Structures are given as C-alpha cells and as structure tokens.
Amino acid sequence: ACFRLLCSLLLPALFLSGILCVCLVVLLWGVRLWIQRKKQLSSAGRDGKRPLVVAFFHPYCNAGGGGERVLWCAIRTLQKKYRNVTCVVYTGDRDATGEEIVEGAFRRFNIKLIHPVKFVFLEKRFLVEASLYPHFTLLGQSLGSVFLGWEALLKCVPDIYIDSMGYAFTIPLFKYLGGCRVGCYVHYPTISTDMLSVVRNQDTRFNNAAFITSSPLFSKFKLVYYYFFAFMYGLVGSCSDVVMVNSSWTLNHILSLWRAGACTNVVYPPCDVQTFLDIPLEVEKSTSEYSIVSVSQFRPEKDHPLQIRAFAKLLKERVGQQPSLKLILIGGCRNQQDEERVKNLKRLCEELGVSDDVIFRINIPFEELKKHLAEATIGLHTMWNEHFGIGVVECMAAGTVILAHNSGGPKLDIVVPHEGHVTGFLAEDEDSYAETMAYIFSLSPEQRLQIRENARRSVHRFSDQHFEDTFLLSVEPLFK
C-alpha cells in the first residue's frame, strides 16, 4: 500500500517536472530566436555590411580606476586593429553624457580613442550596488548583475561580449541567449580560495564581520554558503570562450575555480608607464619636507586606515626630526559610500592628531597626479591580496620608492628583483610599514636613486604597448 502511494505521488511529480523542464527549454529557445531576430534587424553599415559589434559590460565606466584604464585601452586597441568594428559600452553612469565619459577617460588616463564609442545606458545599476545587500552580498550582487545583463542584452545584442568588470554571472546569458562569442577580463575573482580560508580560520576582516568569526555556527554556515557560491562562480566562468586575467595571483585562483586553462591568459593591465618615465629622475635636492603618496580608489579593501595609522606611528618616532613629512592620499570617489569613507578617514586623522600632515586629493586630473608623484619620495600601497596594482607600477615608473603590501600582485609580479637588484619594499602591518618607511628615509639620496632607477627599468613589461600585443593575441579566437 505504501509503495503504491509512493508511486502514485512520485510518477505525477516526475511527469510534471519533465513537462516544466521541456517548457523551460522551449521558452529559452524561443527567447534566443527572438533575440537573434532582433540582432539581424539591426542597422547595416554604410557599405551595406553590418559592422561587428563588440560590447563591453562595464557599469561603472566613469569611475576613474585601474579597471577603467583597461577598458579604454582595450577599446582603443580594437579600434586600431579592426576597421569594421563598432565598440559598445554598457554603463550605468546616467549622470554623464557619452562625450563627458570619453573626455574623462582622456583627462584621467591620457587615452584618446580613434573612433566614437556607442554607450548603452542602463537604468538598473542599483541592482549591483553592495549597499542593497547587507547580507549575502556576493550572491545578491551576482543575481543583480544577471538582471542588469538582461537589460543590456535587450537594448543591444552584440556579436562579441566582453565582461570587463568582473560580472561573470552575465556570461552564460550572452552566450546561450544572446548567441554571442564571450570573453572576460578578470581583475579580481569574485570569490577566492583566500576568502574561503579567512572564513575557515575565523579571521576578522572587512568582508568577515566579528559576530561571524566569534560564532562557530555562523562561520560554518558562511563557509557552506561560500563553497556553494564558489561552485556557481566556477560554473558560469567556465562558459567563457576567452579568459584574460591581470596577474599571476588572479591566474592561480581562476584556474582553480573555473578550470578553463586552455583559454586563459595573463594580460597585464596597461599602465601609462611612458608618461611617468618622462619625469626626469635625479638625486633629490635638500628639502624641508618629504611627501609619501598613495594612489588608489577610496574603497574598503584598499585599507587607507592602515596607511594613516602607520604614518602616525612614523611621525611619533620622528618627533623633532627634519625634514617634515606629509602623507598625500590620492584617489577616486565613485559614490556616496566612498565619500562617507573619506569623512571617516579624516576623523581618524583627527583622532591620531595627524590632520595637518595628511592631505586628501580626490578625483584629480592626470597632470596633478603626475606632479604629486614626481615630487614624492615614497609611494604607498596597503591592500591585502591586491590582484595587480596599477598604482604600484605608476609609483615605480614615476620614480618613487615603492612600499607595497606583501601579498597578491605586488609580491608576485611587480615589486620583484630586476636583474638581481632591489626595486622596492614590502610590508604587512602597521609596525612593519612604519619601520620600512623610517628605513627608506634613513637611506642616502644616492641609495634611494639606485632603487628608483632599478624600479623604472623593471616596469617596461607593464606598458600600453605590451598590453595591446597580449590583449590582441588573447581575443583573436573571438574574431575568427
């Protein structure tokens, strides 16, 4: 009787599930055909040929960070190489016109595009804002990116789709519904094995709250959630036809999560090294003031508080010593949260009594950035596991003595010996940063000049030209 009851319940359930699956497949196939029809009806070019549409998914293309420099360099590179290509940028920056965005790219990065770019302005960018998801942020933002991607796909169906900002969950959407060839440039894995170990070891960090680390139950639950998310992230990422990563650190994580080694290449981000190398390099003149410069967006992972605390510690140890020191924090603010972060940093400066010695320079033009770097003695970077570190390369090219975090891209790719010579320094915490800064200032100007020259010689492998060559080589399969 029990068996008969089970069969009577199970068989209709299986039958219903089968029908639902078939309906879903038919629906998705119908949507795909409708989208393909939409693509065919799009306007042809002047010569009657429809241009090849290459779309970049970059919701924050006006942010002014290293990721945006990669975007504009990639577009300029394609425009140089391919004549019958129209570049499209999906963006949520509706507070600026297309002309203003392109002008901003030139002003901030010194990048001039060869042909106009088509902008597709998205209305649902709020769906990928971290502030919308106080809990389960990774999952929330990833699902939000699918809806944002759907809006993008409905507004413009490209031939080639490149996710240039790390929204991997949009890749299957464009590949299977849009019928596009898909690629991505990964600046930072959405989840990494390092993040899993932080939760496993119950470490408190900016993305792992104290109430979770103090509870074994919450930690176990978060670990299960992270493993589930890592599995899903690997699944969507493996749909890519071409994968580009920005450093050895990112490569190791993406290979272990996506398992797409055959189509994955390291493409170092383009750093405007030539512009900085044009700054004359000479022995420092005697001065009454030395500056320490930090270049990075005001985001939590950049760890500006560590810079301020280490600087305060250094000042305490140098009481009465000359020359005096100034810390200059240069960075971009993308939104209200970033502006709030700057206010909190200014409050921290007041608490530590260093307000007069810390200068904030926000969203400054490229020429002003260049001037600050030309005058600085030390270039400072504090992000743990920075995926690459364009700011680190710029500091080295400009001739500062770099002091970066002993992890990620700076450790593996950038601040490494060049022909057996020291190119800069690495540190990990408040004490080691303060000690290393004190050591750098204790060196003679001639010794510092030697390190600066070594660093400069080592940065040619991060030039725009090197990026263009490796980028074109990597995306070639998408154009076949």
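The values are calculated or read from the model by the stated rules, or taken from the named source; none is laboratory data. It should be emphasised that the depicted structure is a prediction, and the values quoted were computed from it without experimental measurement. Virtual Cβ from ideal backbone geometry, glycine too; neighbours counted across all protein chains shown. All accessible areas refer to the heavy atoms of the entire protein, side chains included, with ligands and DNA or RNA removed. Shrake-Rupley method; radii C 1.70, N 1.55, O 1.52, S 1.80 Å.
Structural remarks
- Accessible area of the range 273-462 belonging to carbon and sulfur atoms, whole % at 1.4 Å probe: 48 percent
- In straight-distance terms, cross-link reach from K480 covers every one of the aspartates and glutamates whose alpha-carbon lies under 13 Å from its own, apart from those fewer than eight places away in the same chain; here that gives D159, D241.
- Among the GluC sites (Glu not before Pro) in the range 276-333, those placed in a DSSP loop whose Cβ has at most 11 other Cβ atoms within 10 Å are E282.
- Accessible surface ranking that places the most exposed of H466, H418, H460, H253 first, with a 1.4 angstrom probe: H460, H466, H418, H253
- Using alpha carbons only: equivalent-ellipsoid semi-axes of the range 319-393, gyration tensor based, whole Å: 21, 19, 14
- Using a probe of 1.4 Å on the protein chains alone, the accessible area found for K346 is around 90 Å².
- Cross-link partners of K285 among lysines (Cα-Cα below 18 Å; sequence separation of 8 or more within a chain): K326, K371
- The range 64-111: chymotrypsin sites (Phe, Trp or Tyr not before Pro) falling in loop per DSSP and having at most 16 other Cβ within 10 Å: Y82
- 0 to 90° range, to nearest 10: angle between helix 445-458 axis and the chain longest Cα axis: 20 degrees
- Cα long-axis angle, helix 66-81 against the chain (0 to 90 degrees, to the nearest 10): 70 degrees
- A simple rule links phi to the HN-Hα coupling: the Karplus curve 6.51 cos²θ - 1.76 cosθ + 1.60 with θ = phi - 60°, which for the range 395-403 gives 4, 5, 5, 6, x, 8, 8, 7, 10 Hz, with x for Gly and Pro.
- Beta bridges per DSSP with both ends in the range 273-462, % antiparallel, nearest 5: 5 percent
- Tilt relative to the chain, helix 430-442 - C-alpha long axis, 0 to 90 degrees, to 10: 40 degrees
- Rh by Kirkwood over Cα pairs, then Stokes-Einstein D for the chain at 1.567 mPa s and 4 °C, µm²/s: 53 µm²/s
- Two-decimal Rg/Rh across the range 273-462, once Rg and the Kirkwood Rh are taken from alpha-carbon atoms: 0.93
- Computed [θ] at 222 nm, deg cm²/dmol, the chain (DSSP H ≥ 4; -39,500 (n - 2.57); rounded to nearest 500): -15000 deg cm²/dmol
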